[in-house]
Amino acid sequence: MPAPDCEDDKKSVVLHGLCFLQKRCEPAGRSFHAAHEKPHLEAKRKGRGGDAGKSAGADASDDEQEGPADSSWKRKKKEGGEKRSALKLNDRLTGIDLYELLEVKTSASADEIKKSYRKLVLKHHPDKQQGSSDGKEEAKNSSGLTDKEVHFVNIQEAYEVLSDTSKRRQYDSSLDFDDEIPEEIDPDLGFYGTFGPAFQNNARWSSRYPVPDLGDEKLDINKVHKFYDFWFNFDSWRDFSMHDEYNLEEAEFREERRWMDRQNQRIRKKYQDGERRRIFQLVETAERLDPRIRAEKDAKEAKKREEKEKRARQKQEEEDAKQRAEEEKRRKAEQEKAEQEEKERQKKEQRQQDKQLAKALRQRAKKAVQNRCSLSAVLMEEVQDMCLALEYEPLEALCVRLEALPTNKAKAEEAVKKELESWRKSKIDTQEEEKRQREEAKRKEEQKAAEAQEAALAARKEWTTEEMVLLKKGDKKFPAGVPRRWAEIANFLGTGRSDQEIIDKIKELYSMRQIGSQAMPDLKTPGSAAAATAAAAAAPAAAAEEKAPAAEWTAEQQKQLEAAMAKHRAVEDVKEKWKLIAEEVTGKNKSECFARFKFLREQLSKQKK
C-alpha cells in the first residue's frame, strides 16, 4: 500500500483477496490419537519402500491385529466386568482417609463428593499455589513433586476412587467395621438401645433404600413385621475383594486369569456366606428378643386359649343348661305359684282393710257435706258414687277438703259442685285410658300370637333326605343304654335339631314302620322311659293297622289309593307322601291308607311264597 500523505493516496484503489479459515486442533487423549494421529502414522508406514517398508508394514499389521483385542481387553478392565480385581490404592494414600481428604462425610452422595472435589481442585491446583511460596523453592520428593503437588494428586486419586460406584464400594468395604452383633439385651440400654445401633451400622451395606428403622414400642406392629421381612431378605453390596489371593493384572494369559478369578470368587463366597449368616443371626436374635413380637405372640396365644376355653365353657354350659332345664322350670313354676298365692293373700287382706277404712271415710265425707250445705238428692247420690269410686288415699284427701268447706251454704255448695265436676272429668279420662290400655293389650296379644305361630312354623322345618339317612345311622350308632343318647344323635346330625325334634321323628318313623326293631331297641327295652313313651305312641298306630280289614275298602277307594300312590311316588318325605295320598282317597285317613298298603303288600308276599 502507498505511504500516507502522498500523491498515490489520493487515487482510488480497489483491493480484493481470499481468507482461509483453519481449525486449530490440540492433543486431547485417545480420541485425538484415533482421529488425527493414527491415520497419518499409517499413511507414513504405507508410503515407505523396500524391506524396511515391508517390515514396517508387517509391524503395522501385527499392531492392527493386536489393537482391537488389546482395546477390548482394556475396555473390560475399565468397565469393571465380572473379573474385577481388588482395589489397589497408591502407596501415597496408605493410611489416609479418602473421605477426610475430600472433606466429606462417609455417607455423602455422589453430587456432594463432586461438589467438594471441584472446590478443592480450585483451591489446591498448582497454578493457584505459585504465588504463595514467597519466592522460595519447595522441596521435592523422589517423584519430583512438591508436598502441595502431592496433596493435589492425592485429591485427584481420591476422587477417582469415590466417584466410581464399584471402586467406592470396594474402598468402603476395606475400612474398619465392627462385625460384632449382640446376643442378649443389655440391661442398661434395653432392647432398642442394644439392637438399634447394630441395625443402623449394618444398614450401610444395603442395596435397597430406604432402610426401615427398628423404631420403638409405639411403632405399628405391621411396620415391625415389614422391618424384619426387609432384614431377613437383606441384599448386601459389601465387597470382599480385599481378601483375594491373586491379582488378575498379573495373569499372563486368559486361562490363567480365569483360574485366578475362580479362586478369588471362591474366597469371596466364603466371606459372603459368613456375612449372610451374621446378618441372619442378628435379625433372628432381635426378633426373638423383640418385646413387640413377644407381646403379639402372647396376645395370639392368649386369644387361642381364650377361644378354646370359651368353646369348652360354651359346650359345658349347653350341657348344664339342658340338664338344669327341667329342674329350673319346675323350681320356677313352684316359686311363681308361691309368689302368686302370697300376692293374692296380701291383696285380699289389703282389700279388707281398705274396705273398712273406705266405709268410715265415706260416712265422714257424707256427714261433712250434710253439715255444710243442703244438696239435692241427685247431687247427694252423685257424691255417694264419687266416694265409692275413690280409693283410700284420694278419699281421705276429699274428706279433708269437705270438712274445710266454708260455713256459707252457697259457697259450700259451689265447692262441692266443683269437686263433682273434677271427679267427672277424671272418671272420663280414666275410662279412656283403660280403653286405650285394653286395645294396646289386645294388640300385643295378637302380635305375640303371630310371632309364636311364626316360631312354630320355623321350628317345624321339613326333614331332608340327608337328615333322614343320618338319623337312621345315628340311631344304630347310639343304641339304648348310651348316656345322653338323644344329645349324641343330635351332635351326629349336626343340623341344629333339638332332642325333642329327634324323639318326635323317631316316634313317627316307628309308627310308620320305616325303622325296624333292631334299629330301635331302646323303644322296646323294658324299664326305659323313652321306650315306654315310644311304645305307647306306636301302640295305637299298630292296633289301627291290625284292625284294618280288606272288607272296609270299596272298589272305588281301592282305585283312588292306587292312583294316588302312583301320582305321589316321587315325594321323598314319607309323612308328606301319605298325607297327600289320604287327601285323594274318599273317607280314609293317612293311617288307614298306610294300613291298606301294608295289608296288600303282605298278601302279595304270601302269594309269591
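The values are calculated or read from the model by the stated rules, or taken from the named source; none is laboratory data. Computed from a predicted model, the values in this text were never measured in an experiment. We place every Cβ from the backbone using ideal geometry, glycine too, and count neighbours over all the protein chains shown.
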Counting only residues in region 398-428 that are among the hydroxyl-bearing types (Ser, Thr, Tyr) and outside any loop (DSSP other than H, G, I, E, B), the one nearest to residue 377 (Cα to Cα) is identified as 422
Q | Residue within region 189-205 that is in a helix (DSSP H, G or I), hydroxyl-bearing (Ser, Thr, Tyr) and out of contact with any strand residue (DSSP E or B) (no Cβ under 6 Å at 6 or more places or on another chain) present | A | yes
Only unsatisfied item for residue 603, checking (1) farther than 23 Å from residue 466 by Cα; (2) surrounded by 15 or more Cβ atoms within 10 Å (Cβ to Cβ), is (2)
Condition first: modelled with pLDDT of 85 or more, out of contact with any His (no Cβ under 7 Å at 6 or more places or on another chain) and under 20 Å from residue 270 (Cβ atoms). Can you find one or more residues in region 211-230 that meet it? no
Filtering region 552-593 down to residues that are in a helix (DSSP H, G or I) and β-branched (Val, Ile, Thr) yields 574, 581
Filtering region 283-292 for residues that are more than 19 Å from residue 211 (Cβ to Cβ) and surrounded by 11 or more Cβ atoms within 10 Å (Cβ to Cβ) leaves a count of 2
| message | Given the condition outside any helix (DSSP H, G or I) and on the phi < 0 side of the Ramachandran plot, answer yes or no: does some residue in region 153-163 qualify? | response | yes
Within region 557-588, residues exposed (fewer than 15 other Cβ atoms within 10 Å of the Cβ) and in contact with a Lys or Arg (Cβ under 7 Å, 6 or more places away or on another chain) come out as 571
Among 438, 424, 372, 364, the single one that is closer than 23 Å to residue 350 by Cα, of a type in the set (D, E, K, R) and either surrounded by 13 or more Cβ atoms within 10 Å (Cβ to Cβ) or free of Cβ contacts under 8 Å to residues at least 12 places away in the same chain (or both) is 364
Going through region 248-296 in order, the residues found to be among the polar types (S, T, N, Q) and under 16 Å from residue 234 (Cβ atoms) are 272, 281, 285
